[in-house]
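As structure tokens, the structure follows; a few thoughts come after it.
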Amino acid sequence: MAMLRSTLMSLAILAMLINLGMGANYTVGGANGWDTSTDLQTWASSQSFLVGDNLIFQYAPNHDVLEVSKSDYDSCQASNPIQSYSGGTTSIPLSSQGKKYFICGTSGHCSQGMKVQIDTLATSAPPPASPYSSKPPTSSVTPLVPTPASESHSSSPAQTPKSTPTVPSPTPSATSAKPPSSSAHKGGFLVPIIMGIIFVMTMLQAY
């Protein structure tokens, strides 16, 4: 039972892939086909042609199909075709993206409107670009780099510390020299007094 279910699922997927791989067939000009009575360009503008689709030209024996360049298409010039088809029924596969130009080579038919421009699109739109595949936008803000303290002080005159004025230190002689104390002055007065007392006592003993 499980094998049967798996087989049916595989067949369904295969059928879907085959359906996607097959292009659409467009009969050029619709019901009237490839002739001078059909507004071929209006018909083409109402269609969406994709790579893999097929153009079916159906026409009478007095017509043919020429694939030409853009300039020959505009001027209805049939002398230098890229490809030439005849036989009443022509199938042309649209194998590449871009524009193709077709005219009828019978004299006067192109100027009567028997011409068509086919714009073939890609089979699917390209996926949107991933935001991770592109480079991140460059920030216009410049990151701040810390400046060493010594460098910042030297580069800014306003931040340079003011030098402290040097006060001259006192010389040793000034600091060590002391004014004479009061005891030294007293000693200077006592010596002559003592000497005088000794002299008087000596004189008294002599008498």
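Read-outs throughout are calculated quantities, based only on the coordinates presented, and are distinct from any laboratory measurement. The structure presented is a predicted model; accordingly, all values stated were derived computationally and were not measured. Cβ: placed from backbone, ideal geometry, glycine included. Neighbour counts: every protein chain shown.
Quick look at the numbers
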item	result
Förster radius 25 Å - calculated FRET efficiency between SER71 and ALA31 (Cβ-Cβ, nearest 0.05)	0.20
Full-stretch length increase - ALA60, MET201 - with 0.36 nm per residue and alpha-carbon distance subtracted	32.6 nm
Pairwise label distance in nanometres, SER79 with SER46, each label 7 Å out on the Cα-Cβ vector	3.7 nm
